[in-house]
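Asks: Here's a structure for you.
The values are calculated or read from the model by the stated rules, or taken from the named source; none is laboratory data. The structure displayed is predicted, hence computed values, not measured ones. As a convention, Cβ positions derive from the backbone with ideal geometry for all residues, glycine included, and neighbour counts pool all protein chains shown.
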Amino acid sequence: MSVFRSGDQGSEVLDVQQRLAALGYALAPGELAGWFGPSTEAAIRAFQDLRHLRVDGLVGPDTWMQLVEAGFRLGDRTLYLHSPPFRGDDVRELQRKLNALGFDAGKQDGVHGQRTDLAVREFQRNVGEEPDGMVGLHTIATIQRMRPLEDVPSRAVVREVEELRGMRGSIAGKVIVIDPGDGPADGPAEVRVAMAASVAQELAGLGAKPEILRGHTDAPSDRARAANELGASLCVSVHLGGGVPEASGPTCSYFGSATTYSPAGRRLAELILEELEREFGRRGRLQRLTVGMLRETRMPAVQVEPLVTTNELEASLIDDEGFPPRVARAVAGGARRFFG
């Protein structure tokens, strides 16, 4: 899809504005004819911050997808296993409640897949309902009466912590997907491709089986699906992020929102960040993100941004031919430690 930004005009911008207004964001009257002005950008930034997305004021695939998903509330529609799967905040809320009650609905990603369907049917059997997987008003009311706790680790998080303990071993033979991104917000394509190639070479030297995602669209869901189909043990998405000019240092992101996170993704992000800090001598940061490549992949996944492109000193490193190999050493080192 196209990326919409400040100054754009048209019916697509009007659609974005209508969705923002429905969510309660205030927009200047002069912009409501489909002009992407200052108040629209401010609303997008606020929405991105709330949803743990990259706060850049751009409406790309991830932001657009979550604008659509945010329009659904639990009870607005009947949910069931469907192809393509239902997506939305209603699904995410259903997953959260089922997980809180001890029924493993999987990652709270807002996608009604097989694991969510199995959790629904298990819940229905436990309360004496027909286990048909149909989540209508009756099943929702039954879930609500159970009063799921708000501040407890979800069953999915507990399961992943248990799985993390069993992931130790050798990196040799492990399939590791490398995603070079595919959009203007991800940084210069040629640098991302060079980083991905260097990471693959470094991982291969450790005995791993790297797979670079090539030729896929910029749709995060498509790239995540490709990673899942490869049966990968890890997924590393390499980007070159922007940000404010005074920002500096690497950023490693893992799936997480205000209510849930991926323990394995966080551990992988911590290890790669430590290696990047050692390699470049700059303090970095961890952050939770809900972008598609992190929330829809079925293996530990991280998004790696080795520097801030709006920082002039750091941006100058991009032109150094030794930059991609340095990033690769850090990523491969973190991945090796994850299994070691």
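Asks: Output the residue which, of all residues in region 250-285 that are over 21 Å from the mean Cα position of the chain (by Cα) and at pLDDT below 95, is surrounded by the most Cβ atoms within 10 Å (Cβ to Cβ).
Replies: PHE280
Asks: Being among the hydrophobic types (A, V, I, L, M, F, W, C) and buried (at least 18 other Cβ atoms within 10 Å of the Cβ) is the filter here, so list the residues in region 304-338 that pass it.
Replies: Step one: of region 304-338, the residues among the hydrophobic types (A, V, I, L, M, F, W, C) are 304, 307-308, 313, 315, 317-318, 323, 327-328, 330-332, 335, 338.
Within region 304-338, VAL304, LEU307, VAL308, ILE318, PHE323, VAL327, ALA328, ALA330, VAL331, ALA332, ALA335, PHE338 qualify.
Asks: Next question, about the same structure. Are there helices (runs of 4 or more DSSP H) fully within region 288-340 with at least 1 residues that are within 19 Å of the chain's Cα centre (by Cα) and touching a residue at least 40 places away in the same chain (Cβ under 8 Å)? List them. Lay out the reasoning, then the answer.
Replies: Details: elements: 292-295, 312-315, 323-339.
Per the criteria, 292-295, 323-339.
Asks: While we're here: Quickly run through region 72-127 and pick out the residues that are of a type in the set (D, E, K, R) and outside any helix (DSSP H, G or I). Even if it seems obvious, please write down each step before you answer.
Replies: As a first pass, look at region 72-127 and keep what is of a type in the set (D, E, K, R): 73, 76-77, 87, 89-90, 92-93, 96-97, 104, 107, 109, 115, 117, 121-122, 125.
Within region 72-127, ARG73, ASP76, ARG77, ARG87, ASP104, LYS107, ASP109 meet the criteria.
Asks: Taking GLY7 as the residue in question, decide whether it is assigned to a loop (DSSP other than H, G, I, E, B), at pLDDT 95 or above, out of contact with any Asp or Glu (no Cβ under 7 Å at 6 or more places or on another chain) and more than 30 Å from ALA247 (Cα to Cα).
Replies: Working: assigned to a loop (DSSP other than H, G, I, E, B): yes; at pLDDT 95 or above: yes; out of contact with any Asp or Glu (no Cβ under 7 Å at 6 or more places or on another chain): yes; more than 30 Å from ALA247 (Cα to Cα): no.
Spelling it out, it is not the case that GLY7 is assigned to a loop (DSSP other than H, G, I, E, B), at pLDDT 95 or above, out of contact with any Asp or Glu (no Cβ under 7 Å at 6 or more places or on another chain) and more than 30 Å from ALA247 (Cα to Cα).
Asks: Turning to a different aspect of this structure: Scanning region 145-169 for residues that are surrounded by 13 or more Cβ atoms within 10 Å (Cβ to Cβ) and free of Cβ contacts under 8 Å to residues at least 60 places away in the same chain, which turns out nearest to PHE103 (Cα to Cα)?
Replies: ARG155
Asks: Filter region 93-149 down to the residues that are touching a Gly at 6+ places or on another chain (Cβ under 6 Å) and basic (Lys, Arg) and list them by number.
Replies: Passing the criteria: ARG115, ARG121.
Condition check ((1) modelled with pLDDT under 95; (2) within 13 Å of MET293 (Cα to Cα); (3) surrounded by fewer than 20 Cβ atoms within 10 Å (Cβ to Cβ)) across all residues:
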{"position": "ALA197", "(1), (2), (3)": "no, no, yes"}
{"position": "PRO210", "(1), (2), (3)": "no, no, no"}
{"position": "HIS216", "(1), (2), (3)": "yes, yes, yes"}
{"position": "ALA219", "(1), (2), (3)": "yes, yes, yes"}
{"position": "ASP222", "(1), (2), (3)": "yes, yes, yes"}
{"position": "VAL236", "(1), (2), (3)": "no, yes, no"}
{"position": "GLY241", "(1), (2), (3)": "yes, no, no"}
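Asks: Of everything in region 23-42 that's loosely packed, with under 15 Cβ neighbours inside 10 Å and assigned to a loop (DSSP other than H, G, I, E, B), which residue is modelled with the lowest pLDDT? Quick ask: steps written out before the conclusion?
Replies: Initial filter on region 23-42 (loosely packed, with under 15 Cβ neighbours inside 10 Å): 23-24, 26, 28-30, 33, 38.
Now restrict to residues that are assigned to a loop (DSSP other than H, G, I, E, B): 23-24, 26, 28, 33.
Working: LEU23: 98, GLY24: 97, ALA26: 96, ALA28: 97, ALA33: 91.
Per the stated criteria, the residue is ALA33.
Asks: I would also like to ask the following. In region 170-188, which residue that is at pLDDT below 90 and assigned to a loop (DSSP other than H, G, I, E, B) is surrounded by the most Cβ atoms within 10 Å (Cβ to Cβ)?
Replies: In the first step, residues of region 170-188 are kept if they are at pLDDT below 90; the result is 181-188.
Checking which are assigned to a loop (DSSP other than H, G, I, E, B) leaves us with 181-183, 187-188.
Working: GLY181: 23, ASP182: 19, GLY183: 19, GLY187: 21, PRO188: 12.
The extreme case among them is GLY181.
Asks: Any residue in region 58-71 that is surrounded by fewer than 15 Cβ atoms within 10 Å (Cβ to Cβ), within 30 Å of VAL3 (Cα to Cα), touching a residue at least 40 places away in the same chain (Cβ under 8 Å) and under 17 Å from the mean Cα position of the chain (by Cα)?
Replies: Within region 58-71 (the criterion being surrounded by fewer than 15 Cβ atoms within 10 Å (Cβ to Cβ), within 30 Å of VAL3 (Cα to Cα), touching a residue at least 40 places away in the same chain (Cβ under 8 Å) and under 17 Å from the mean Cα position of the chain (by Cα)), the answer is yes, since at least one residue qualifies.
Asks: Does SER2 fit the bill of being closer than 27 Å to ASP109 by Cβ and in a loop (DSSP other than H, G, I, E, B)?
Replies: Numbers: closer than 27 Å to ASP109 by Cβ: yes; in a loop (DSSP other than H, G, I, E, B): yes.
Spelling it out, SER2 is indeed closer than 27 Å to ASP109 by Cβ and in a loop (DSSP other than H, G, I, E, B).
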